[in-house]
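Enquirer: The structure follows.
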Amino acid sequence: MICLGIEGTAHSIGVGIITNVKGHCQILANLIKTYQPEKGGIHPREAANHHATFIAPLLSQSVQAAGVDFADVDLISFSQGPGLGPCLRTAVTAARALALSLEKPLIGVNHCVAHLEIGRGTVHGCHDPVLLYVSGANTQVIGFAEGKYRVFGETLDVGIGNCLDKFGRAIGLDFPCGPKIEKLAETGTQYLPLPYSIKGMDLAFSGLLTMAEHYVREGERIQDVCHSLQETTFAMLTEVTERAMAHTEKQEVLLGGGVASNKRLRAMVQTMAQDRGASFFVPSRDVCVDNGAMIAWLGCLMYESGLRMSLEDSLINQRFRTDMVEVTWRD
Ligand code: ATP
Ligand code: FE2
């Protein structure tokens, strides 16, 4: 089966085409176009306009890149949520139009679950991981337990990526700020104490963000503040992930989301995994960030397990929770 997936939850619009080869996801095409706000944060309607402009050319480029015809596509899937309303609506509209014109089935998928499934589908040896999903808007620790994907811990305020981007903006860096902060942190030498805020299994970043900005105003070296920001937030993320692994007795940890590109975060999580005798996995960057292939892959798994979605049910859900998904494709 060949599945085409459209991802449009936030600032990027992606089209992926995949096929299922004996349970492994073979990616035939995976194109992404990202909206760059001129300044400041993301404006949902402007991002949606960007997606509406680029979705049609992206679709034709994808089938071309995959070396297939639209007629070869067996299923259309789309990101149903969670995400920004205007962006989700643009993606679902494109998906419905395509499904109707090709007379092919349509299926909506949960964005967060797709991040986990693409890891299982593409990374050799990754079967039942705890996912540390760290992107701009999302920060969640997810694992499969008692028939469902459960969120074991998550941010109570901003996502880790947004936290880094906000701090970066305050010190005059361009979006995305995460990679620039990572570079600056490499030459940080002094650790400046920041609030280490874990509540149960959940995390809060806004207090330490305020404190980090305070350090900058007080004249502390930028490199030291970046270093301290990374050390504190990444230690918090690693700790919650480790507790989820201990609780579920899982032997694998998987990273996902744009912040998973960060080498310091990778090193910390990898060390934690090694100390526990567990395996550590990071998918390649193109499937770590928001992308159409992960939407296509989860759509394919759902469809092949017998799930069907009518046009009437293909409504977006901005607050689509990970544990609302009925998991029919796993034992
Ligand atoms: P979602 O809708 O899933 O929240 P998104 O579109 O906000 O996704 P991604 O594309 O997954 O996010 O990731 C973007 C984020 O990743 C930005 O906040 C960016 O600063 C951060 N990022 C990218 N590279 C790095 C890095 N090397 N270190 C830290 N953060 C990074
Ligand atoms: Fe994402």
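Enquirer: Give the peptides 7-14, 171-178, 102-109 in descending order of average Cβ contacts within 10 Å, highest first.
Expert: Top of the packing list down: 7-14, 102-109, 171-178.
Enquirer: Which FRET efficiency value, to the nearest 0.05, is calculated for ARG217 and ALA267 with the Förster distance at 22 angstrom and r the Cβ-Cβ distance?
Expert: Working: r = 30 Å, r/R0 = 1.36.
Given R0 = 22 Å and the Cβ-Cβ separation, E is 0.15.
Enquirer: Then there's this: Of all accessible surface on the chain at a 1.4 Å probe, what whole percent is carbon and sulfur? Intermediate results must be reported in sequence, preceding the final value.
Expert: Numbers: 7020 of 14010 Å².
For the chain, the apolar C and S fraction of the accessible surface comes to 50 percent.
Enquirer: Shifting gears a bit: Only Cα pairs within less than 10 Å get springs; with that Gaussian network setup on the chain, which residue of GLY83, GLY153, GLY125 has the largest fluctuation?
Expert: GLY125
Enquirer: List the aspartates and glutamates whose Cα sits under 19 Å from the Cα of LYS166, skipping any in the same chain fewer than 8 residues away.
Expert: Output for LYS166: GLU38, GLU154, ASP157, ASP174, GLU182, GLU213, GLU218, GLU220, ASP224, GLU231.
Enquirer: If the rule is a partner Cβ under 4.7 Å, which cysteines in the chain fail it?
Expert: Cysteines lacking a close Cβ partner in the chain: CYS25, CYS87, CYS112, CYS126, CYS163, CYS177, CYS226, CYS288.
Enquirer: Using the Kirkwood radius over C-alpha pairs as Rh, can you work out the diffusion coefficient of the chain via Stokes-Einstein at 25 °C, viscosity 0.890 mPa s, in µm² per second?
Expert: For these conditions, the coefficient is 122 µm²/s.
Enquirer: Could you give me the ³J(HN,Hα) list for the range 167-175, computed from phi with Karplus coefficients 6.51, -1.76, 1.60 and θ = phi - 60°, whole Hz, x at Gly and Pro?
Expert: Residue by residue, the range 167-175 yields 4, x, 4, 5, 9, x, 8, 7, 6 Hz.
Enquirer: Pairs to check: LYS22/LYS104; LYS33/LYS250; LYS33/LYS148; LYS180/LYS250. Give those whose C-alpha atoms are more than 26 Å from each other in this structure.
Expert: As for pairs spanning more than 26 Å Cα to Cα, those are LYS33/LYS250; LYS33/LYS148; LYS180/LYS250.
Enquirer: Quick check: pseudo-label points 7 Å beyond the Cα along Cα→Cβ at ASP174 and GLN274, how many nm apart are they?
Expert: That separation, rounded to one decimal, is 3.6 nm.
Enquirer: Once phi is turned into ³J(HN,Hα) by the Karplus curve 6.51 cos²θ - 1.76 cosθ + 1.60 with θ = phi - 60°, what whole-Hz value does each residue of the range 77-87 show in order, with x for glycine and proline?
Expert: Each residue's phi maps through the Karplus curve to give 10, 8, 7, 8, x, x, x, 7, x, x, 5 Hz.
Enquirer: HN-Hα J couplings of the range 298-310 from phi, Karplus 6.51/-1.76/1.60, θ = phi - 60°, integer Hz, Gly and Pro as x?
Expert: The phi angles translate into 5, x, 4, 4, 5, 5, 5, 7, x, 6, 9, 10, 7 Hz.
Enquirer: Between GLU249 and ASP74, what length in nm is gained on full extension when 0.36 nm per residue of separation is reduced by their alpha carbon distance?
Expert: Extending this stretch completely gives an extra 59.2 nm.
Enquirer: Might you tell me the accessible area per residue for the chain, computed with a 1.4 Å probe and given in Å²? Each step should come with its number before you reach the end.
Expert: Details: 14010 Å² over 331 residues.
Here the per-residue accessible area is 42 Å².
Enquirer: Could you give me D for the range 70-109, from Stokes-Einstein at 25 °C and 0.890 mPa s, where the hydrodynamic radius is the Kirkwood radius over C-alpha pairs? Units µm² s⁻¹, please.
Expert: On the way: Rh = 10.3 Å.
Approximately 238 µm²/s, per Stokes-Einstein.
Enquirer: May I pose another question? Please compute the Kirkwood hydrodynamic radius over the range 36-148, one decimal place, Å, based on all pairs of different Cα atoms. Intermediate values should be presented prior to the final figure.
Expert: On the way: mean 1/r = 0.0614 Å⁻¹.
About 16.3 Å for the range 36-148.
Enquirer: Let me ask another. Which cross-chain or sequence-distant (5 or more) residues have an amide H under 5 Å from the amide H of ALA145, H modelled 1.01 Å from N in plane?
Expert: Under 5 Å from the amide H of ALA145 lie the amide H atoms of ARG150, each far enough along the sequence or on another chain.
Enquirer: Right, something else. Once the Cα atoms of helix 222-248 and of the chain are each reduced to a long axis, what angle between those two axes, in degrees from 0 to 90 to the nearest 10, is obtained?
Expert: Roughly 60 degrees between the two axes.
Enquirer: So who's got an amide H within less than 5 Å of the one on VAL130, skipping anything under 5 residues away but keeping other chains? H placed 1.01 Å off N, in plane.
Expert: Those lying under 5 Å, H to H, from VAL130 are GLU252, VAL253, LEU254.
Enquirer: Determine how many Å³ per residue the convex hull of the Cα atoms of the range 6-86 encloses.
Expert: Convex hull of Cα atoms, per residue: 105 Å³.
Enquirer: By per-residue mean of other Cβ atoms within 10 Å, what is the highest-first order of 24-32, 213-221? Each step should come with its number before you reach the end.
Expert: On the way: 24-32: 19.9, 213-221: 13.0.
Going by the mean number of other Cβ atoms within 10 Å, highest first, we get 24-32, 213-221.
The values are calculated or read from the model by the stated rules, or taken from the named source; none is laboratory data. Everything numeric in this text was worked out from a predicted model, so none of it was measured. Cβ atoms come from the backbone with ideal geometry, glycine included; neighbour counts cover every protein chain shown. Note: accessible area is taken over every heavy atom of the protein model, side chains too, but ligands, DNA and RNA are not part of it. Shrake-Rupley method; radii C 1.70, N 1.55, O 1.52, S 1.80 Å.
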